[in-house]
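Encoded as structure tokens, the structure appears first; notes follow it.
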Amino acid sequence: MNLNSISSQSFAGKYSLNANQAMPNQDACLKRDTLLGFWTQNAKNGDKVYKQLSDFYMNGYNKNPNAPLNIVLDIPDSEDKNFEASMKAVGQNFSRLA
């Protein structure tokens with residue numbers, strides 16, 4: 001009998017997160033927003049995410065400042081560890097998409 005199996009999973013550098021997640025204080029919120037700006041600029045889909053962020057903060061945020069803003073960032077694979085470390089450092093929850 002011959003069995004073939006996949007020994008490891010391959011992940012893309014795609015991350016889902018709520019860019020309007022409640023943060024413990026204003027300083028944490030500012031740090032998170034700064035990092036999200038940096039990662040949006042470096043994301044493969046940065047233009048799309050920037051438009052989504054802009055639309056929300058120009059319109060939806062004023063209607064409901066607690067509304068979720070779910071985005072997907074497509075980070076270059078070489079930056080996965082840096083992205084994850086920076087989000088953890090500021091307390092931003094995220095999910096890595098397979």
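The values are calculated or read from the model by the stated rules, or taken from the named source; none is laboratory data. Since the structure is predicted, the reported quantities are computational estimates derived from the model, not experimental observations. We place every Cβ from the backbone using ideal geometry, glycine too, and count neighbours over all the protein chains shown. Remember, those area values only see protein heavy atoms, side chains included, never the ligands or the DNA or RNA. Shrake-Rupley method; radii C 1.70, N 1.55, O 1.52, S 1.80 Å.
Report note on the peptides 85-91, 35-41: ranked by the mean count of other C-beta atoms within 10 Å, highest first, their order is 35-41, 85-91.
Computed extension length for CYS29-GLU79: 15.8 nm, one decimal, from 0.36 nm per residue of separation with the Cα-Cα distance subtracted. A value for Rg and Dmax of the Cα atoms in Å was derived from the coordinates, and within the list [x] 13.2, 41; [y] 15.9, 63; [z] 16.7, 61 it appears as [y].
With protein chains left intact and a 1.4 Å probe, residues in the chain average 69 Å² of accessible area per residue.
Here r is the Cβ-Cβ distance between ARG96 and LYS51 and R0 is 25 Å; the resulting FRET efficiency, rounded to 0.05, is 0.60. Taking all protein chains in place and a 1.4 Å probe, what share, in percent, of the accessible surface of the chain do carbon and sulfur account for? The C+S portion of the solvent-accessible surface of the chain is 51 percent.
Under 20 Å of direct C-alpha separation, and excluding same-chain neighbours fewer than eight residues apart, LYS44 reaches these lysines: LYS14, LYS81. Using C-alpha pairs under 8 Å with a sequence gap of at least 6, the mean separation divided by the residue count of the chain gives a relative contact order of 51 percent. Can you spot the aspartates and glutamates whose alpha carbon is less than 14 Å from LYS48's alpha carbon? Ignore those fewer than 8 places along the same chain. Hits, sequence-local ones excluded: ASP74. The listed peptides 13-20, 58-65, ordered by packing as a protection proxy, come out as 13-20, 58-65 (highest mean of other Cβ atoms within 10 Å first).
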